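Step one of this worksheet: look at the structure below.
The values are calculated or read from the model by the stated rules, or taken from the named source; none is laboratory data. Since we're looking at a predicted model, the values are computed, not measured. Cβ placement follows ideal geometry from the backbone for every residue including glycine, while neighbour counts extend to all protein chains displayed.
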Amino acid sequence: MLKRKIEQQFIEWKNTKSHNPLIVKGCRQCGKTFSVIDFANKNYKNMVYVNFFENPSYSTIFDGALNVDDIVMYLTALMGDKIKFEPHNTCLILDEIQECPKARAALKFFKLDGRYDVMCTGSLLGVSGYKEQPVSIPVGYETIITMYPLDFEEFLWANGITSSIVEELKNCISTISQVPEVLHNRMKELLLQYVVVGGMPAVVNEFINTKMINNVQHMQRDIVNGYRDDMIKYASTGDKARIRECFDSIPKQLGKENKKFQYSIIKKKGTASMYAGSLQWIEDAGIINRCYNLSITELPLDGNAIEGIFKVYMADIGLFISMLEDGTGYDILNGSLLGYKGAIYENLVADLLAKNGRKLYYFHKDSGLEVDFVIRLNGKCTLLECKATSGNAKSTKTILNHPEKYHVYHAIKLGNYNVGFANKMLTLPLYMVFLLHDNVLTWNEHI
């Protein structure tokens with residue numbers, strides 16, 4: 001069984017006095033249902049599970065007055081004596097709640113009633129065109145958290161890397177000391193595997209159990225095709241084709257030297273007015289992440305982001321690799337990838353940052369000055385330069401050499417390096433991106 005960080009969030013939610021019903025949203029097949037059921041089984045005497053996708057008839061329970069006693073009565077009538085509602089010892093799970101908008105409206109009444117905890121999952125909550133009927137969102141009566149596919153640390157756990165090893169890596173960052181060679185090589189190997197496998201739980205399990213990349217790729221492509229099917233099934237009629245065109249253009253967008261998302265790449269003479277809504281649909285479904293260009297390298301990053309200039313990355317690196325031709329995974333694992341390597345490793349860093357809850361930003365000027373990612377670290381604007389191969393990070397050096405203009409004093413160069421510090425830049429191996437938290441590294445007069 002895969003260990004997931006979201007379980008700690010569930011524990012904090014349950015331990016919060018008078019907590020709201022919980023909605024766990026995220027892209028399809030990222031592990032929402034399994035995690036919620038596993039938590040309920042471990043922490044409640046009774047668990048009642050309702051799947052609106054598999055059992056559409058259950059939606060009729062919520063057609064009438066949204067009274068908790070009536071809902072409980074109808075559920076027991078439909079599901080029989082295999083379920084039990086015991087006050088303060090029962091968790092009701094409403095799976096795929098987007099299929100029953102009225103069930104979401106009922107969350108307010110479960111909160112006010114207070115006898116039963118409710119956990120919900122939703123894959124396409126909020127995407128335009130999903131449901132025709134309006135729904136009353138119970139504002140103030142629900143708590144929403146986002147779940148992602150496995151991040152790199154969770155992938156490491158699945159591959160036998162213990163928390164003590166992760167702590168050793170953190171110590172190497174905080175003390176600016178090199179990772180022992182045997183561990184360094186093992187982590188580089190695992191990172192390449194993560195690039196190919198990604199974080200979809202079923203895919204990770206298949207890889208752990210069989211190590212068969214062909215099986216992994218088939219499963220990933222099934223998931224991607226499922227996303228395409230959702231675009232046809234659930235989007236508004238006029239948007240269906242454009243959403244798929246937008247989605248299928250992502251590998252080409254990242255293959256350009258200038259990776260800024262361009263609507264004309266989707267289709268000749270394509271414009272924002274034609275495709276902006278389609279791109280938003282894909283983002284709302286949790287399939288992609290946007291990375292916004294900054295007008296200036298200053299905090300707050302969100303306040304300095306340029307709304308209409310951005311890059312687009314797949315939310316899961318493994319699914320991105322599966323969208324490329326056969327053999328790409330083999331090339332990555334064997335280090336024989338050529339020019340497209342930069343796009344892959346940029347998407348990898350975007351994956352590692354976004355799954356740790358970071359919004360994505362980069363910096364590009366028409367003069368040619370460009371930095372792959374910009375983050376807030378220890379309260380400072382920090383540049384991240386991603387190098388698939390050794391590089392001189394010219395733009396980053398230019399910015400660091402002119403603090404009076406750019407107001408930046410800190411930068412990290414990521415690549416096939418060990419930990420070190422030179423030329424005003426901290427160098428880290430790519431596999432350490434997931435460790436970039438405020439309590440790991442302290443900026444001082446030396447770094």
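Of note:
- Hits in the stretch 72-122 - residues which are of a type in the set (G, A, S) and not in a loop (DSSP other than H, G, I, E, B): A77, G80, A103, A105, G122
Yes/no matrix, rows are residues, columns are (1) closer than 25 Å to L254 by Cβ; (2) not in a loop (DSSP other than H, G, I, E, B):
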position: D366; (1), (2): yes, no
position: R376; (1), (2): yes, yes
position: K405; (1), (2): no, yes
position: I412; (1), (2): yes, yes
position: F434; (1), (2): yes, yes
position: N439; (1), (2): no, no
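- Residue that is farthest from H88 (Cα to Cα), among those in the stretch 1-31 that are more than 17 Å from the chain's Cα centre (by Cα) and among the β-branched types (V, I, T): I11
- Residue in the stretch 134-167 that is surrounded by the most Cβ atoms within 10 Å (Cβ to Cβ), counting only those that are among the aromatic types (F, W, Y) and closer than 25 Å to L22 by Cα: Y148
- Counting only residues that are in contact with a helix residue (DSSP H, G or I) (Cβ under 8 Å, 6 or more places away or on another chain), assigned to a loop (DSSP other than H, G, I, E, B) and either modelled with pLDDT of 95 or more or aromatic (F, W, Y) (or both), the stretch 38-71 holds 2 of them.
- Residue list for the stretch 230-241, filter: assigned to a helix (DSSP H, G or I) and either of a type in the set (A, V, I, L, M) or modelled with pLDDT of 95 or more (or both): M231, I232, A241
- Residue within the stretch 264-272 that is under 21 Å from the mean Cα position of the chain (by Cα), touching a residue at least 12 places away in the same chain (Cβ under 8 Å) and surrounded by 15 or more Cβ atoms within 10 Å (Cβ to Cβ) present: no
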